[in-house]
Amino acid sequence: MPSRLPRLSPDEIHLWPMRLASSNETAGHAVLPWLAAYLDVLPGDLHLGRGPFGKPALEGAHARLSFSWSHTGDVALLGVAWELPELGVDIERDRPRPRLLDIAGRYFAPDETAWLAAQPQEDRQAAFLRLWTAKEAVLKAHGQGLSYGLHRVGFTWNNGPAANGFEGELAPASRWSLVEPEIGPGLHAHVAWSDAQRPRRVLLPGSEEPFARA
C-alpha cells in the first residue's frame, strides 16, 4: 500500500485495486492496514463486526468509515467512503465459463438470460461478467448477498448494465448508483451505493479526474 493515503472527502468513494500475497490471503489481513491508515490509527485498534447476514463493518468510534471488499484469485478491489453503509464492490476475472447460460438461467431473470443468449458468442462472457458484477455489487451493498436473489436485482443493457426493476427492500432501482471502473485487462468490476444525503464521486486515488459522478 502507499506510504501515505490521499484525503478522503465526504463526497468521494476511493477504489483500490491490489494484489494479494496469495489467493488464500484473508480479507482482514489485507484490508485492515488500509482502513487503519484512513483513520490514522493502528490496525489493532480496529474492531470488525458483522451485520445480520454477515456483511463486515467497523464498530465503535471507527464505524463512520464504510468499506466493501471483493477478490478474484490474487486480485482484489477495496472501496472506502465516509458514512456510506450501503456500499458494495465486486470484481471477477475472465476465465472460460462454458455453462454460463445455464448459470444465468438458474440465477438471473428470464429476460436477462434471453438477452445474454442473443449476444454473439465471442461477447457473451464479458456481458455475463459485467452483469454479474453489477448484481453482486448491489447485493453486497445491501448486505444480504446472494441469498437475496440475483433475479431480484434487475438490469437492462445500455452500453452496460442499467438498474431496472429492483424488488423488495432494494426498490426502487432509482435510489442506486453504479459505476463500472476499468481495473485492468481481463477484469470486470462494479461499485454500487445508495446515498440519499449527497452525490458521490468515484475515484482511483492518484487520478485527478473521477471516472464517474453519481
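Yes or no: the stretch 73-86 includes at least one residue that is in a strand (DSSP E or B), modelled with pLDDT under 95 and within 15 Å of residue 132 (Cα to Cα).
For the stretch 73-86, residues in a strand (DSSP E or B), modelled with pLDDT under 95 and within 15 Å of residue 132 (Cα to Cα): absent.
Keeping to the stretch 128-174, report how many residues are of a type in the set (D, E, K, R) and more than 16 Å from residue 108 (Cβ to Cβ).
Taking the stretch 128-174 and keeping what is of a type in the set (D, E, K, R), we get 130, 135-136, 140, 152, 167, 169.
Of the ones still in play, those that are also more than 16 Å from residue 108 (Cβ to Cβ) are 140, 169.
Residues flagged as of a type in the set (D, E, K, R) and more than 16 Å from residue 108 (Cβ to Cβ) within the stretch 128-174 amount to 2.
Within the group 92, 83, 122, which residue is surrounded by 19 or more Cβ atoms within 10 Å (Cβ to Cβ) and of a type outside the set (A, V, I, L, M, F, W, C)?
That would be 92, the only listed residue that is surrounded by 19 or more Cβ atoms within 10 Å (Cβ to Cβ) and of a type outside the set (A, V, I, L, M, F, W, C).
It is to be established whether one or more residues within the stretch 175-185 are surrounded by 15 or more Cβ atoms within 10 Å (Cβ to Cβ) and over 30 Å from residue 57 (Cα atoms).
No, the stretch 175-185 has no match at all.
For the stretch 52-67, indicate whether the set of residues that are among the hydroxyl-bearing types (Ser, Thr, Tyr) and in contact (Cβ under 8 Å) with a residue 24 or more places away in the chain is non-empty.
No.
Only one residue in 106, 97, 124 is in contact with a helix residue (DSSP H, G or I) (Cβ under 7 Å, 6 or more places away or on another chain), charged (D, E, K, R), more than 16 Å from residue 162 (Cα to Cα) and not in a loop (DSSP other than H, G, I, E, B). Which one?
Every option except 124 fails the conditions.
Run residue 33 past the list (1) of a type outside the set (A, V, I, L, M, F, W, C); (2) under 22 Å from residue 131 (Cα atoms); (3) outside any strand (DSSP E or B); (4) modelled with pLDDT of 90 or more and report the number of the one that doesn't hold.
In the conditions (1) of a type outside the set (A, V, I, L, M, F, W, C); (2) under 22 Å from residue 131 (Cα atoms); (3) outside any strand (DSSP E or B); (4) modelled with pLDDT of 90 or more, residue 33 misses (2) alone.
Restricting to the stretch 58-76, name every residue that is surrounded by fewer than 18 Cβ atoms within 10 Å (Cβ to Cβ) and over 17 Å from residue 91 (Cα atoms).
59, 60, 61, 62, 63, 64, listed by residue number.
Which number in (1) assigned to a helix (DSSP H, G or I); (2) modelled with pLDDT of 95 or more; (3) aliphatic (A, V, I, L, M) marks the one condition that residue 13 misses?
(1)
Can you give me the number of residues within the stretch 36-54 that are at pLDDT below 90 and part of a loop (DSSP other than H, G, I, E, B)?
Going through the stretch 36-54 one residue at a time, the tally reaches 4.
Can you tell me which of 88, 51 is touching a Gly at 6+ places or on another chain (Cβ under 6 Å), small (Gly, Ala, Ser) and under 29 Å from residue 164 (Cβ atoms)?
From the options 88, 51, the qualifying one is 51.
The values are calculated or read from the model by the stated rules, or taken from the named source; none is laboratory data. In this text, all values refer to a predicted model and were calculated from it rather than measured experimentally. Positions of Cβ are backbone-derived with ideal geometry, glycine not excepted, and every protein chain shown enters the neighbour counts.
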